[in-house]
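Chemist: If you scroll down you'll find the structure; I have some questions about it.
The values are calculated or read from the model by the stated rules, or taken from the named source; none is laboratory data. As the structure is a computational prediction, the values presented were derived from the model and not from experiment. Here Cβ is always computed from backbone atoms with ideal geometry, including for glycine, and neighbour counts include all displayed protein chains. Surface accessibility is based on the protein's heavy atoms, side chains included, excluding ligands, DNA and RNA. Shrake-Rupley method; radii C 1.70, N 1.55, O 1.52, S 1.80 Å.
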Amino acid sequence: MMRRNSFKTKLVGYSVNINCDFMREKIKAIDKEHEIQWIRPGEIGSLEDSDSVFFTINASSSDQIDQFFADNNIQAEKNTNISGLIYSTCFSCHSASFSSAKSFQIGKTRELFDFGVYHTLKEIQDWLKTLPTQWLKTYGKSYENRPLHVIDIGDKKDPTIVIECGIHAREWVSVAFCPFLIDQISSKKWEKEGIRWVIFPMVNPDGYRFSWRFNRFWRKNRRIIRDSPCHGVDLNRNFDIEWGRYSTSENPCGETFGGSKPFSEPESAAFRDYVQKIETKIAFVSYHAYSEFIIYPYSASIRANSPFKDALRSLALRMSDAIYNEHGRQYSYGEGAVAFYAASGGSDDWIHKQGVPIAYTIELRDKGLNGFLLPENELIDTFSENLKGLKELVRDVRNITRFAQFTKATNAPPVFSETTSIFEMTKLKNSVTTTSELTNIEKHKENSEDADKSKVGKADLDRFIFLSFASYFLLNTLC
Ligand SMILES: [Zn+2]
């Protein structure tokens, strides 16, 4: 099969301070029309909580964006030398370790692999090949025909923990975490006995390679879309759970384009097929970046409820505490759609609905200072604190028979209400601020999270009012 050549894209960057919802809606309109690379916030779904945005766009579209901002009287700071800006930022963060990073090739001893630096796709694949052959399996091929690898360690009868890394290409810290975890289990015997570990170290190899060679902020896979100038499907919007409903773009140029149908992508379909055959799966963690946030189902809709919500919340609290005790980093936590933002088609929600009771997405460091460009000197600390968090999860998996709520059911269907009225929105706003159901010991810890949730609930209410009274708003309060 002929493969298209890729060309380095010339990018233009825009910074905009957001003063009001009107501007926020206008920024969303740009996202619908153009292939925007979100840098701050990391995703369009986080726009509601942001006072400023920074995004890049193909230089060929910049005239239209300039005109759009001028027509809407929006002040934007434009940087036409964005590739220089990105790479200078990148190398100022990483210069020491980038220059000292040695390429790792097969044939070298496993001990030479440095977990404290970022590695190319080939280096990681070569390192995986040094593992015992009975652990390394190929479960499919990517869109560009690269092998998809999974590490499967342990007895098939033991409870299984499934780990996913690198579904979003630019989140390099996630890709770096899986080899570290595999090494801990295989070499250091960390939590190896009595657990089957199924670790997907590189769910999106085509996108990861592209992020090294052409565009550091690439997120999706590399599918060529017919009749579109844009590439790629967001694999974490391509799973069959409320597919296409929230924070999903129908535009192939969108960062969150969900594909033509659920599991349209070879990467997500192969992942589904492997996971469905695991009979003893109990827990799942998908590692992402950035935000320092532990998210539990459901994200697929603000009206979906997991029957295991209380237990997932309790475990998230213990994971957050364990992470904090390692290096003092405070990971927030909460139910996806309420505490973070509603996003359909994610792997965590899909696997939870398949009957896996313990399911999390963990957003690794940092909180936005470096964003996707996390310096390499923070990698090992990020990994060690998350090993402590994961240990709490392993403890619950080992005690699964004592964990009554997790043994009640084998399926966890989402529950949706038919309509959402302004009255229900008000109830939602009130419900997310209550702490009455919490124990005293949890109350103190939950305060910061509830403040976040209250903000999200209020934002939903405000948005509803905004849409209901749009004409009045536009006539009287334009800013
Ligand atoms: Zn991600």
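Chemist: Being away from the ligand (no atom under 15 Å from the Cβ) and under 16 Å from the mean Cα position of the chain (by Cα) is true for just one of 205, 262. Which residue is that? It would help to see each step written out before you state the result.
Modeler: Values: 262 fails: under 16 Å from the mean Cα position of the chain (by Cα).
The match here is 205.
Chemist: State the number of residues belonging to the range 193-206 that are assigned to a helix (DSSP H, G or I) and in contact with a Leu (Cβ under 8 Å, 6 or more places away or on another chain).
Modeler: Narrowing the range 193-206 to residues assigned to a helix (DSSP H, G or I): 205-206.
Narrowing further to those that are in contact with a Leu (Cβ under 8 Å, 6 or more places away or on another chain): 205.
The total comes to 1.
Chemist: Right, next: Return the residues of the range 259-301 that are open to solvent by 20 Å² or more (accessible area, probe 1.4 Å), part of a loop (DSSP other than H, G, I, E, B) and among the hydrophobic types (A, V, I, L, M, F, W, C); say none if nothing qualifies.
Modeler: Within the range 259-301, just 263 meets the criteria.
Chemist: What number of residues within the range 302-321 are under 18 Å from residue 284 (Cα atoms) and assigned to a helix (DSSP H, G or I)?
Modeler: Going through the range 302-321 one residue at a time, the tally reaches 12.
Chemist: Let me ask something else about it. For the range 234-245, which positions are part of a loop (DSSP other than H, G, I, E, B) and within 14 Å of the ligand (Cβ to nearest atom)?
Modeler: The first filter runs over the range 234-245 and keeps only residues part of a loop (DSSP other than H, G, I, E, B), leaving 234, 238-245.
234, 238, 239, listed by residue number.
Chemist: Evaluate the range 218-232: report whether one residue or more is within 15 Å of the ligand (Cβ to nearest atom), closer than 30 Å to residue 396 by Cβ and either surrounded by 24 or more Cβ atoms within 10 Å (Cβ to Cβ) or not assigned by TED's automatic domain parsing to the domain that holds residue 363 (or both). Before the answer, list the steps.
Modeler: At the first step, the residues of the range 218-232 found to be within 15 Å of the ligand (Cβ to nearest atom) are 218-221, 232.
Adding the requirement that they be closer than 30 Å to residue 396 by Cβ leaves none.
There is no residue in the range 218-232 that is within 15 Å of the ligand (Cβ to nearest atom), closer than 30 Å to residue 396 by Cβ and either surrounded by 24 or more Cβ atoms within 10 Å (Cβ to Cβ) or not assigned by TED's automatic domain parsing to the domain that holds residue 363 (or both).
Chemist: So which residues in the range 156-179 are of a type outside the set (S, T, N, Q), surrounded by 20 or more Cβ atoms within 10 Å (Cβ to Cβ) and either more than 23 Å from residue 276 (Cβ to Cβ) or more than 16 Å from the ligand (Cβ to nearest atom) (or both), if there are any at all?
Modeler: 161, 162, 169, 170, 171, 172, 173, 175, 176, 177, 179
Chemist: While we're on this one: Can you name the strands (runs of 3 or more DSSP E) wholly within the range 109-170 that have at least 2 residues being touching a helix residue (DSSP H, G or I) at 6+ places or on another chain (Cβ under 9 Å) and charged (D, E, K, R)?
Modeler: Values: elements: 136-141, 147-153, 160-165.
Because the criterion is at least 2 residues that are touching a helix residue (DSSP H, G or I) at 6+ places or on another chain (Cβ under 9 Å) and charged (D, E, K, R), the strands (runs of 3 or more DSSP E) in the range 109-170 that meet it are 136-141.
Chemist: Find all pairs meeting these conditions: Cβ atoms under 8 angstrom apart; at least six residues apart or on different chains; first residue within the range 1-30 and assigned to a loop (DSSP other than H, G, I, E, B); second residue at pLDDT below 55 and open to solvent by 20 Å² or more (accessible area, probe 1.4 Å).
Modeler: Between residues of the range 1-30 that are assigned to a loop (DSSP other than H, G, I, E, B) and residues that are at pLDDT below 55 and open to solvent by 20 Å² or more (accessible area, probe 1.4 Å), the close pairs are 8/83; 10/83; 19/479; 20/477; 20/479.
Chemist: Among (1) surrounded by 18 or more Cβ atoms within 10 Å (Cβ to Cβ); (2) of a type in the set (Lys, Arg); (3) modelled with pLDDT of 95 or more; (4) not in a loop (DSSP other than H, G, I, E, B), there is one condition residue 391 misses while meeting the rest; what is its number?
Modeler: Single failed check for residue 391: (1).
Chemist: Right, residue 304: away from the ligand (no atom under 16 Å from the Cβ) and touching a Phe, Trp or Tyr at 6+ places or on another chain (Cβ under 7 Å) or not?
Modeler: Details: away from the ligand (no atom under 16 Å from the Cβ): yes; touching a Phe, Trp or Tyr at 6+ places or on another chain (Cβ under 7 Å): yes.
Here the answer is yes, as residue 304 does meet what is asked.
Chemist: When the residues of the range 336-370 are filtered to those that are touching a strand residue (DSSP E or B) at 6+ places or on another chain (Cβ under 6 Å), small (Gly, Ala, Ser) and within 14 Å of the ligand (Cβ to nearest atom), which remaining residue is farthest from residue 297 (Cα to Cα)?
Modeler: Restricting attention to the range 336-370, the residues satisfying the condition of being touching a strand residue (DSSP E or B) at 6+ places or on another chain (Cβ under 6 Å) are 336, 340, 347-348, 351-352, 356, 358-364.
Filter again for small (Gly, Ala, Ser), leaving 336, 347, 359.
Cutting the leftovers down to within 14 Å of the ligand (Cβ to nearest atom) gives us 336, 347.
Values: 336: 6, 347: 10 Å.
Among residues in the range 336-370 that are touching a strand residue (DSSP E or B) at 6+ places or on another chain (Cβ under 6 Å), small (Gly, Ala, Ser) and within 14 Å of the ligand (Cβ to nearest atom), the one farthest from residue 297 (Cα to Cα) is 347.
Chemist: Sticking with this one: Going through 280, 256, 248 one at a time, which residue ends up being touching an Asp or Glu at 6+ places or on another chain (Cβ under 6 Å) and either under 29 Å from residue 333 (Cα atoms) or within 14 Å of the ligand (Cβ to nearest atom) (or both)? Talk me through it step by step, then tell me what you get.
Modeler: Details: 280 fails: touching an Asp or Glu at 6+ places or on another chain (Cβ under 6 Å); 248 fails: touching an Asp or Glu at 6+ places or on another chain (Cβ under 6 Å).
That would be 256, the only listed residue that is touching an Asp or Glu at 6+ places or on another chain (Cβ under 6 Å) and either under 29 Å from residue 333 (Cα atoms) or within 14 Å of the ligand (Cβ to nearest atom) (or both).
Chemist: Which one of the conditions (1) under 24 Å from residue 365 (Cβ atoms); (2) in contact with a helix residue (DSSP H, G or I) (Cβ under 7 Å, 6 or more places away or on another chain); (3) surrounded by 22 or more Cβ atoms within 10 Å (Cβ to Cβ) does residue 209 fail to meet, given that it meets all the rest?
Modeler: The single condition residue 209 does not satisfy is (3).
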